[in-house]
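So the structure is just underneath, and the comments pick up after that.
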Amino acid sequence: MTYESPARVKWATAIFWNVLDPAFRTHFKYYRRKVAVDRYLERKGVVFNVAVGVTFGLTLYFTLVSKFLLPAPVASEYSMEDNAKEILRAMKCDTTKELPAFLLMRAKREIIGKLHVAADRAEVKHQREEVERLLKTLNQQQDSPPLQ
């Protein structure tokens with residue numbers, strides 16, 4: 001005595017034979033191969049396992065990580081000398097009279113001095129704003145009637 005289903009498409013049977021059974025068979029083959037590889041590696045020494053791991057890791061890094069995950073290296077269009085010459089040219093320094101290294105040190109000193117001046121001006125501005133704010137608060141408190 002068998003059960004006759006009224007369904008035209010027996011989806012559970014189709015899924016089992018077309019999806020689950022091939023997946024289980026593939027997994028079983030994979031698992032057998034994995035066990036064989038594990039036993040092989042257990043028989044080898046620690047040095048062999050480390051060598052295999054390092055080789056596999058380097059291969060993975062240089063094939064996948066360095067090509068797809070890391071950003072592209074910055075290709076510098078100019079050398080250090082070109083950059084130094086451009087800085088000296090922008091600051092209107094004559095390299096025929098003095099060595100470029102000394103001119104660069106002087107330019108660096110000037111730039112740092114200008115940065116300090118800008119920072120000092122910003123600090124003075126900030127302190128003036130703070131004083132104005134405190135004076136406003138003080139005047140408001142003096143003008144308000146005392147609490148009883």
Discussion item. Can you list residue pairs whose Cβ atoms sit under 7 Å apart, with the first residue in segment 25-49 being free of Cβ contacts under 8 Å to residues at least 40 places away in the same chain and the second being surrounded by 10 or more Cβ atoms within 10 Å (Cβ to Cβ) and not aliphatic (A, V, I, L, M)? Count only pairs 6 or more apart in sequence or on different chains.
Written reply: Leu41/Asn49
Item to complete: Please list, ordered by first then second residue, the pairs with beta carbon atoms under 9 Å, 6 or more apart or interchain, first in segment 50-70 and assigned by TED's automatic domain parsing to the domain that holds Asp38, second in a helix (DSSP H, G or I) and modelled with pLDDT of 90 or more.
Response: Val52/Leu41
Worksheet item: Out of curiosity, is Thr95 under 30 Å from Asn83 (Cα atoms) and free of Cβ contacts under 8 Å to residues at least 12 places away in the same chain?
Response: yes
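A quick yes/no check of all residues on (1) of a type outside the set (D, E, K, R); (2) outside any helix (DSSP H, G or I); (3) over 25 Å from the mean Cα position of the chain (by Cα); (4) within 30 Å of Ala107 (Cβ to Cβ):
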position	(1), (2), (3), (4)
Leu41	yes, no, yes, no
Val47	yes, no, yes, no
Phe56	yes, no, no, no
Leu60	yes, no, no, no
Ser66	yes, no, no, no
Ala84	yes, no, yes, yes
Asp94	no, yes, yes, yes
Worksheet item: What about Leu88, is it at pLDDT 85 or above and surrounded by 10 or more Cβ atoms within 10 Å (Cβ to Cβ)?
Response: no
Discussion item. Of everything in segment 91-111, what is surrounded by 10 or more Cβ atoms within 10 Å (Cβ to Cβ) and β-branched (Val, Ile, Thr)? Give them in sequence order.
Written reply: Thr95, Ile111
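The values are calculated or read from the model by the stated rules, or taken from the named source; none is laboratory data. What you see is a predicted model; the values in this text were computed from it and never measured. Methodologically, a virtual Cβ is constructed for each residue, glycine included, from the backbone with ideal geometry; neighbour enumeration extends over all protein chains shown.
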